[in-house]
């Protein structure tokens with residue numbers, strides 16, 4: 001069954017583009033230009049995920065997200081914002097948003113974030129087994145070939161991110177924004193590559209010919225389907 005998404009934004013052009021791209025990726029999409037129209041759509045059917053603009057003509061996205069999450073805490077909300085200030089991001093997340101993305105954004109990044117949010121909200125995604133790799137998301141434990149392997153916090157976050165988006169190419173910029181959000185780490189591309197190198201050393205049979213974390217030339221990395 002297709003996932004149902006509700007997009008709330010007062011810009012008709014953004015709504016048109018998002019609808020076309022979301023449906024291209026296989027999502028059913030409803031649109032609303034303000035909170036009043038969104039409420040009417042929600043009365044008809046609750047979506048699997050909401051994409052919400054930070055600024056609407058009849059209310060703040062912060063207040064709207066907070067109100068919606070009080071009634072539907074398990075439905076993920078991705079906040080759209082033209083503001084890249086850390087404070088705006090923090091306010092959005094504290095209002096209950098599950099993720100945020102700054103305009104303008106690449107379609108591939110939005111799709112990866114949607115997929116990650118939907119998978120995180122699936123109650124049965126506690127243990128994932130792929131080949132001889134077994135990952136217990138809840139307990140944050142990893143076993144390779146039946147043997148436990150110890151990962152650092154960042155290594156586990158990277159692995160979780162890859163699993164949540166398996167099959168999707170992830171750019172280094174997307175990885176940085178997700179794992180090192182708000183951090184101005186020096187030469188972050190090398191930091192990411194170094195962490196992935198160490199992660200491969202721990203989960204791959206042959207790190208030089210990885211089975212799980214595949215390099216996508218000119219893009220970044222992806223996890224096998």
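What follows is calculated from the coordinates using simple rules that are stated; it is not laboratory data. Everything quoted here is computed from the prediction, not taken from an experiment. Cβ coordinates were reconstructed from backbone atoms using ideal geometry, including for glycine residues, and neighbour counts include every protein chain displayed.
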Study note, to complete from the structure: Cα-only Rg/Rh for the chain with Kirkwood Rh rounds to 0.99
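Test of understanding: what is the full-extension gain from residue 45 to residue 224, defined as 0.36 nm times their sequence separation minus their Cα-Cα distance? Spell out each step's value before the answer.
Values: separation 179, 0.36 × 179 = 64.44 nm, distance 3.41 nm.
Additional length available on full extension: 61.0 nm.
If I stretch the segment between residue 21 and residue 209 completely, what's the gain in nm (0.36 nm per residue apart, minus their alpha carbon distance), one decimal? Don't skip to the end; give the middle numbers.
Values: separation 188, 0.36 × 188 = 67.68 nm, distance 3.39 nm.
Going from the current span to full extension adds 64.3 nm.
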Check your understanding: Please report, for the Cα atoms of segment 4-120, the Rg to one decimal and the Dmax as a whole number; what are they, in angstrom?
Key -> 12.7, 35
Point to revise | Two-decimal Rg to Rh for segment 137-225 - Kirkwood Rh, Cα set | key: 0.94
Check your understanding: What's the extension gain from residue 4 to residue 128 if we count 0.36 nm per residue and subtract their Cα-Cα distance?
Key -> 42.2 nm
Point to revise | Protection proxy ranking of 133-142, 6-15 - average other beta-carbon atoms within 10 Å, highest first | key: 6-15, 133-142
Revision key, fill the gap. Between the Cα axis of helix 61-71 and the main Cα principal axis of the chain, the angle (0 to 90°, nearest 10) is 80
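Computed over the Cα atoms, what is the radius of gyration of segment 1-54 divided by 2.2 N^0.38 Å, N being its residue count? Before the final figure, lay out each step's value.
Details: Rg = 10.3 Å, N = 54, 2.2 N^0.38 = 10.0 Å.
Cα-based Rg divided by the globular estimate yields 1.03.
Determine the calculated [θ] at 222 nm for the chain from helices alone, applying -39500 (n - 2.57) to every DSSP H run no shorter than 4 residues and normalising by the residue count; nearest 500 deg cm²/dmol. Write out the running numbers ahead of the final one.
Working: 8 runs with 93 residues, N = 225.
The helix-only estimate for the chain comes to -12500 deg cm²/dmol at 222 nm.
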Check your understanding: By how many degrees, between 0 and 90 and to the nearest 10, does the Cα long axis of helix 12-24 differ from the longest principal axis of the chain?
Key -> 40
**Study point:** Rounded to 5, the percent of DSSP beta bridges in the chain classed as antiparallel
**Key:** 55
